[in-house]
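The block underneath contains the structure these notes are about, expressed in structure tokens.
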Amino acid sequence: MREGKFVETKKEATNTFIERGPGVSEEEFDKGTFDYQKQRQRRGELARSLGVAEYVKEPSPRQEKIIVETLAAAEEVINQYSPKQVRLSKDNIFLLRKEDAVKRFGIDDDEGGRANIQGGVFVYTSPTITDSKLAHYTAHELVHHASFQRNRVLKEESGKNIYGVPDRAGLTIGDPYKGFNPEEGGHNYFEALNEAVTEQIAIEIVALLKRKTRLLDEDYEILERVYGIDSPRYSLGKHVEKPEHDDQYVYTDSYADRVDALRTTCQELYEKNRERFGSPQEVFHVFAEAYFSGKLLTLARLIEKNYGKGAFRFLADYENNGEWRKGE
């Protein structure tokens, strides 16, 4: 591990790593890390630093309950995969109205979410957002939030100021000096695979939420009547038309092609390596552990061994809707 430290506050512990870059003194690094942890510890200060303080929408009592229960389910599922024990805090979750999310982020979707390496989890909502969508968007962004993330503390060429550059998020790899934004010279390798793993874990979180609470029962009864068996449903193991039991599936239309490609890949790797893996879920554990630890070597070796030299690099470059398997 490079020189640096993981961010941890009284309220939460995630896999966010702050790295000390070249030319940054120990004193400068400690100050930057202290400021970073301080803003994550206070909800109001975090909201201001993220530029959302004026847009935050307080949840209704029911929405608050859904968020709290989703967070508890997220901790339980994430800690099945994360080598480092994760603690999450509802103080880092912010609801935004759709029109305010447009102002802040320039998003086009009516509903959805995003996570920020500075510590914010945003869910933007419409007045008619359903309980199941609120839970699902919150779960998805909490997975991003808990993933391995690296923020490099660097020094300007002038030597006067230090600044931060995020270059790792889950499986996604950015430029170590330019970050993820291509318009600023950065890149976004493994973005498609990263979203597939994120969504698969989010599906597991919502499935656990369904089993442990009755909060989504009414929503799912409506979904059954409106969409029937033609809607996207995912069991914990595979895409299904009709589940055997109601608590074994989750409705989702997020990254469906990417999730299908990931699951097919896990199934194939299981069949090719039965002496090593007891199920496709055990294969998925390799993907998920890399996602939360930031250590990609074991996953890279597994992919290259079974799909040939250069296969892992192909995954890195392929970003079109996650259908990386078309390149075989």
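From the backbone phi of the stretch 301-313, what are the Karplus-calculated ³J(HN,Hα) couplings (6.51 cos²θ - 1.76 cosθ + 1.60, θ = phi - 60°) in whole Hz, Gly and Pro given as x?
5, 4, 5, 5, 5, 9, 10, x, 4, x, 5, 5, 5
Can you give the FRET efficiency to the nearest 0.05 for Lys57 and Arg313, using r as the Cβ-Cβ distance and R₀ = 41 Å?
0.45
On average over all directions, what projected area in square nanometres does the stretch 56-142 have, based on the convex hull of its Cα atoms?
With every direction weighted equally, the projected area is 5.7 nm².
Which cross-chain or sequence-distant (5 or more) residues have an amide H under 5 Å from the amide H of Tyr189, H modelled 1.01 Å from N in plane?
Counting only residues 5 or more places away or on other chains, the set is Ile173.
Give the long-range amide H neighbours of Ala13: residues separated by 5 or more places, or on another chain, with amide H under 5 Å away, using H modelled in the peptide plane at 1.01 Å from N.
Arg87, Leu88
Can you work out ³J(HN,Hα) from phi for every residue in the stretch 165-180, in order, using Karplus 6.51 cos²θ - 1.76 cosθ + 1.60 and θ = phi - 60°, giving whole Hz and x for Gly and Pro?
10, x, 10, 9, 8, x, 8, 6, 10, x, 6, x, 10, 10, x, 9
Given a cut-off of 21 Å, name the pairs among Lys10/Lys295; Lys65/Lys212; Lys11/Lys155; Lys31/Lys84 whose C-alpha atoms lie farther apart than that in the structure shown.
Over 21 Å apart, Cα to Cα: Lys10/Lys295; Lys11/Lys155; Lys31/Lys84.
In terms of modelled amide H atoms, which long-range or inter-chain residues lie less than 5 Å from the amide H of Arg152?
Here the answer is Glu19, Val165, Asp167, since their amide H atoms fall under 5 Å of that of Arg152.
Show me, for the stretch 7-24, the HN-Hα J-couplings you get by feeding each phi into the Karplus relation (A = 6.51, B = -1.76, C = 1.60, θ = phi - 60°), rounded to Hz, glycine and proline as x.
7, 8, 10, 5, 8, 8, 9, 10, 9, 7, 10, 9, 9, 7, x, x, x, 8
Using Cα-Cα distances under 8 Å and only pairs 6 or more residues apart, what relative contact order does the stretch 56-142 have, in percent?
Dividing the mean separation by the residue count of the stretch 56-142 yields 33 percent.
Values in this text are rule-based calculations from the coordinates and carry no lab data. Note that the coordinates shown come from a computational prediction; the quantities given were computed from them, not determined experimentally. A quick note on method: Cβ atoms are made from the backbone with ideal geometry, for glycine too, and the neighbour counts reach across all protein chains shown.
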